[in-house]
Amino acid sequence: MTDFFKMHFLVPLAAVLGLMAMAYFGAQANLQWVFGVAAPYLSVLLFVEGLIYRIVYWARSPVPFRIPTTCAQNRTLPWIEKTVGEKLDNPEKFSHVVGRMALEVLAFRSLFRNTRTELQKHPDYPEGAKLVHWSYKWLWFGAIAFHYAFLLVILRHMRFFSEPAWGFIHRLESVDGFVQFYVPVVYLTGVAMLAGLTYLLARRLFNPGMRYLSLAADYFPLFLLLSIGLTGFFLRYIYRTDVTAVKELAMGLVTLHPVVPAGISPLFFTHLFLVSVLFAYFPFSKLMHAPGVFLSPTRNMANNNRWRLHVNPWNYPVKFHTYMDQENEYREAMVEAGIPVEIPLAAPVEEEK
Amino acid sequence: MAKVTVPKPQELAKVNYQPPAKGWMDVKPEFRPGTYVNAAQPKWLEMINYPYPRAWSVPDEDWKLPPDWKEIILQQMEDRLSRFRSLKLFFDICVRCGACADKCHFYLGTGDPKNMPVMRAELLRSVYKRYFKPAGKFFGELAGARDLTEDVLKEWFYYLHQCTICRRCSVFCPYGIDMAEMTLLGRELLASVGINIDWAMASVASCYTKGSHIGATPQAFKDMLDFLAEENERITGVETPVTYNRKGAEILFITPSGDYFADPGSYTMMGYLLLFKYLDLDYTVSTYAAEGGNFGWFISHEMGKRLNIKMYEEAKRLGVKWILGGECGHMWRVCNQYQTTYYGESPSFLEVPKSPITGTVFENARAHKMVHISEFTADLIHNNKLKFDVSRNEHIKLTFHDSCNPARAMGIFEEPRYIIKNVLPEGHFFEMPPNTIREKTFCCGSSAALNADEFMETRMKGGFPRANAVRHVAEKYGVNHLGCICALDRATLPTLVNYWIPGMEVTGITELVGNALVFPDEIERTTDLRDRPLVGFEEAEGEEEAE
């Protein structure tokens, strides 16, 4: 029997290392067109198609019931005031839902609520133990650091895909590189992204519960993103490649006139291939949490069932026990107990349904 | 059945959170008495036309499954996937970040890693991946997928009945993944091959055929309420007569059977009757819609509807204007999230609820046409319609337990607190720590049809986080009463606090209202509704209650 953790940890690690080797040696073996052109195009195709496929797959199933998770006071008597925060945590109408989703997507609202609970010894209590709960923001912080850093890194990369580079990219670059302690200028987002990923990986490895539940599908994206970040880091700071040639390749790809200029290092093709793999992998993986959160019925619905009807498209009539079923069974006893009945005792009882 | 003995609190509080060395796919549950609910007897299933009724037993090797059980389960899973977007989505988007892990009271109480909501979901998800996702088909275990076997089914049974559908995990999940939804649908899958728990099915079948979970006949129901009305008269000198199935009443009052079946729920029932008498409310109760709770919803959406529909049907037959609902947790979850959708329309034979006393129109219940007793009472107090003598609650130091369902599937937080503050003397109400109340409240550990005696050990473990927070305020402020607006809580919390914090009492909020209400023609009150002497009347009550 294979060790569950080892399998789920080592296989994706080997897979990512294998992918890297493939691209690195492939580029050396003159397969630049495969890794520089075919792979990116194929991955974008898979990404778009997969994304559409998965969202349509979800959307094909209806939302039969309105089931928002309510995290604050609901709409009730008018003199019970609700703060804006409470309205977003228990939305009454569409605008509140938009606010709730925005907070969820942009600020990871629910994760911000995170607590940690620990069983501690407490000799004063007869049972000798006490559960202690405290606010625990590290997961939120690590997640938000990674996601925003990654977003900014992607935006910075837009300078390869626009000619002349869009204005906001320059501003972004100057802010991102404002701490100048190294040449070339070190981008903080790159560092934050790698640090965030390292934290997210470390907690899976060092927290016994997390290690117990983590699957290959959890390690693979982490390894993939880490390898993307690291190859990018090396390309920028250590083994620099011909950036003009890279830009030519990128512009060729977006203008659908692909060219593979000379002078691009195999490391760059490795980087590009890993990004391609990420794109292709995205729609078939847990990374779909990004579009999925928008569809989550516990977050994207208003808690307004009591004043607005929600229709279940597959609602069907059910067999139920009617009042007359009850009365027919207990009529005598009900009359005796003085409970009003529909059909008096003297009347014929049988034919009534 | 063997009598279950629960280890001492000191033993139970030693929770081991270290996961086993073996991978979770290779660990099977151990069906030890005290940690599972008994299998449903066939007679209950027959009463409600549920499939595959048969005598079977949980610890047995052979669960006597139908020969094509696997095809049935997979076909039912496919059916649920096509009908519930939530299920597809919750299966697909979980990133296993673990934020839900230490939020579950069953995980905190048992330390069993499969009680981490993420793992409990994974038990179902692994089968979904194996049969509905290409990656699972090709890569198998590496993709977190596994074959559906009898062992997997048994594991589902074990862990889906260690989830009280409380939604605490869903509050903390960054994508709002709701284990409750998956547990409910998972239980539907189990039921499709005749795997049900007795406690749920007995209640459902009794409710379906007789009118309430406790199986009270119409005449027995009347007996119980009449008895409580007599108790009211004995203690307060005020007659609180109840009318049954009275056509043309303005309001139909529906409350869970827990409120008239046993202590301490019955004291809350007495409180309702006193309140209604005080207001001279034109209301009636029904022997047909005699159950506010809905154990049907704990086993399937369809069964939930088959029981819930009685409320509107009876309101229509009696010709009432609107429905008033008692203090109950899952009843109000069903009422708030499902009732009008089940019915398919807003019932046109009812009117938008309007308090006959204050004239307040309950706009928030415009479609539902049903009002929560806490909303109703808070409105009365706000409009100065009730006269209280709060000193009659002076012996009570209270903390309030937000019941999971009204908290996380409705959002009723302020009304009960408003009532509490008006019926208790100043400084007699204390909140538990903020991470254990309101939307972060901890479950009683016995809801969702798990309040069976044979499940006691796990119930006490699951309720440990709740009890532990109660212990905190008991030690710190001398709190001696745990208030709640849930009849299931009133049925299960006494057992829980009796185990962890002996001496702690559980009370409904309307019971406190009943204690404090001042009637013009009442006799001098020397006791509360529980016959306990009021402060200042201790010696008059004789020797047994000396404080």
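None of the figures in this text is laboratory data; all of them are computed from the coordinates on show. Treat the numbers as computed from the prediction; the structure is a model and nothing was measured. For neighbour counting, all protein chains shown are included, and Cβ atoms are generated from backbone atoms with ideal geometry for every residue, glycine included.
Close amide-amide hydrogen proximity is noted between B:D528 and B:L534, each under 5 Å apart and 5 or more residues distant or on a separate chain (H modeled in the peptide plane; Pro and chain starts excluded). Using θ = phi - 60° in the Karplus curve 6.51 cos²θ - 1.76 cosθ + 1.60, the 3J(HN,Hα) couplings for the range B:210-218 round to 9, x, 8, 4, 7, x, 6, 6, x Hz; x is entered for Gly and Pro. Here the calculated FRET efficiency for B:S391 and B:F227, from their Cβ-Cβ distance with R0 = 25 Å, stands at 0.35, rounded to the nearest 0.05. Expressed as a fraction of 2.2 N^0.38 Å, the value expected for a compact globular protein of N residues, the C-alpha radius of gyration of the range B:7-113 is 1.41. In a DSSP loop and with at most 14 other Cβ atoms within 10 Å, the trypsin sites (Lys or Arg not before Pro) in the range A:24-113 are A:K93.
In debye to the nearest 20, how big a dipole does chain B give about its Cα centre with +1 on each Lys and Arg Cβ and -1 on each Asp and Glu Cβ? Numbers along the way, then the final one.
On the way: 62 positive and 72 negative charges, 506 e Å.
Charge dipole of chain B: 2420 debye, to the nearest 20.
Scanning residues 5 or more positions from B:T255 or on other chains, those with amide H under 5 Å from its amide H are B:G292, B:G326, with H placed 1.01 Å from N in the peptide plane. What FRET efficiency, computed as 1/(1 + (r/R0)^6) with R0 = 22 Å and r the Cβ-Cβ distance, is obtained for B:K28 and B:E71, rounded to the nearest 0.05? My answer for the efficiency is 0.40.
Converting phi to 3J(HN,Hα) with the Karplus coefficients 6.51, -1.76 and 1.60 and the offset θ = phi - 60°, the range A:211-225 yields 5, 5, 9, 6, 10, 3, 5, 8, 6, 4, x, 5, 4, 4, 5 Hz in sequence order, with x at every glycine or proline. Proximity of backbone amide H atoms, modeled 1.01 Å from N, is registered between A:D242 and A:S265 at under 5 Å, excluding neighbours fewer than 5 places apart on the same chain. Here the protein assembly as shown is assigned +1 on the Cβ of each Lys and Arg and -1 on the Cβ of each Asp and Glu. Its dipole about the Cα centre then comes out at about 4520 debye. Treat the range A:100-170 as a sphere of radius equal to its Kirkwood radius over Cα pairs and apply Stokes-Einstein at 20 °C in a medium of 1.002 mPa s; give the translational diffusion coefficient in µm²/s, rounded to a whole number. In µm²/s, the coefficient rounds to 137. Along the axis of the charge dipole computed for the protein assembly as shown (Cβ charges of +1 for Lys and Arg, -1 for Asp and Glu, origin at the Cα centre), the listed residues B:L398, A:A165, B:Y128 are led at the positive end by A:A165. The lysines whose alpha-carbon is closer than 17 Å to the alpha-carbon of B:K8, local same-chain residues fewer than 8 away aside, are A:K121, A:K130, B:K461.
What's log10 of I(q)/I(0) for chain A at q = 0.11, 0.15 Å⁻¹, Debye sum over Cα points only, no solvent? Rounded to two decimals, the profile gives -0.97, -1.38.
Under a Cβ-only charge scheme (Lys and Arg +1, Asp and Glu -1), can you give me the dipole magnitude of chain A about the Cα centre, in debye to the nearest 20? Can you show the working numbers first?
Values: 31 positive and 25 negative charges, 304 e Å.
Dipole magnitude for chain A comes out near 1460 debye.
The HN-Hα couplings worked out from phi for the range B:28-37 by the Karplus form 6.51 cos²θ - 1.76 cosθ + 1.60 (θ = phi - 60°) are 9, x, 10, 7, 9, x, x, 10, 9, 9 Hz, whole numbers, x standing for Gly and Pro.
In whole angstrom, how far apart do the alpha carbon centroids of the range A:120-170 and the range B:341-371 sit? Spelled out, the Cα-based centre of one part sits 45 Å from the other. Computed with the Debye formula from one identical point scatterer per Cα of the range B:228-280, without solvent, the log10 of I(q)/I(0) at q = 0.25, 0.26 Å⁻¹ comes to -1.06, -1.12. The label-point distance for A:V183 and A:R116, in a model that sets each label 7 Å from Cα toward Cβ, rounds to 4.3 nm. Taking Cα atoms only, the orientation of helix A:39-60 departs from the longest principal axis of chain A by about 10 degrees.
Can you give the convex hull volume of the alpha carbon atoms of the range B:87-208 per residue, in Å³?
Convex hull volume per residue, Cα atoms: 116 Å³.
For the range A:88-221, the Cα gyration tensor yields ellipsoid semi-axes of 38, 22, 15 Å (square root of five times each eigenvalue, largest first, whole Å). Out of every Cα-Cα pair that the range B:474-539 contains, those further apart than 19 angstrom amount to 44 percent.
Once you keep just the Cα pairs under 8 angstrom separated by 6 or more residues, what percentage relative contact order results for chain A?
Once divided by the residue count of chain A, the mean separation gives 30 percent.
Looking at the calculated P(r) for the range B:170-281, what percent of the C-alpha pair distances fall above 22 Å?
On the way: 3183 of 6216 pairs.
Of all Cα-Cα distances in the range B:170-281, 51 percent exceed 22 Å.
Note on A:V243/A:L10: beta-carbon distance plugged into 1/(1 + (r/R0)^6) with R0 of 30 Å gives a FRET efficiency of 0.25. Only lysines eight or more places from B:K129 in sequence, or on another chain, were considered; those with a Cα closer than 21 Å are A:K6, A:K286, B:K28, B:K70, B:K88, B:K114, B:K137, B:K154. Would you mind computing, in nm to one decimal, how far apart the modelled labels at A:V311 and A:R171 are, each placed 7 Å from Cα along Cα→Cβ? Those two pseudo-labels are separated by 4.7 nm. Both radii are taken from the alpha-carbon atoms of the protein assembly as shown; with Rh as the Kirkwood radius, Rg/Rh is 1.02. Less than 20 Å from a label point 7 Å out along the Cα-to-Cβ axis of A:S162: which backbone N atoms in the range A:250-285 qualify, by residue? Counting backbone N atoms under 20 Å from the label point, the list is A:250-257. As a length-normalised measure over Cα pairs under 8 Å and 6 or more apart, the relative contact order of chain B settles at 17 percent.
According to the Cα-based calculation, Rg over Rh for the range A:22-122 is 1.26, with Rh computed by the Kirkwood formula.
Each residue in A:F178, B:F132, A:F35 was given a count of other beta-carbon atoms within 10 angstrom of its own, and listing them fewest first yields A:F178, B:F132, A:F35.
Order these by the 10 Å Cβ neighbour count, fewest first: B:E291, B:E314, B:E233, A:E86.
Working: B:E291 31, B:E314 25, B:E233 15, A:E86 19.
In increasing order of surrounding Cβ atoms, one gets B:E233, A:E86, B:E314, B:E291.
Across the range B:211-516, the convex hull enclosing all Cα atoms gives 119 Å³ per residue. By how many degrees, 0 to 90 and rounded to 10, does the Cα axis of helix A:138-157 deviate from the longest principal axis of chain A? Approximately 50 degrees, to the nearest ten.
The fewest-to-most ranking of B:V193, A:V56, A:V335 by surrounding Cβ atoms within 10 Å reads A:V56, A:V335, B:V193. All Cα-Cα distances of chain B, cut into 20 Å bins from zero to the largest, leave 22, 55, 22, 2 percent in each bin in turn.
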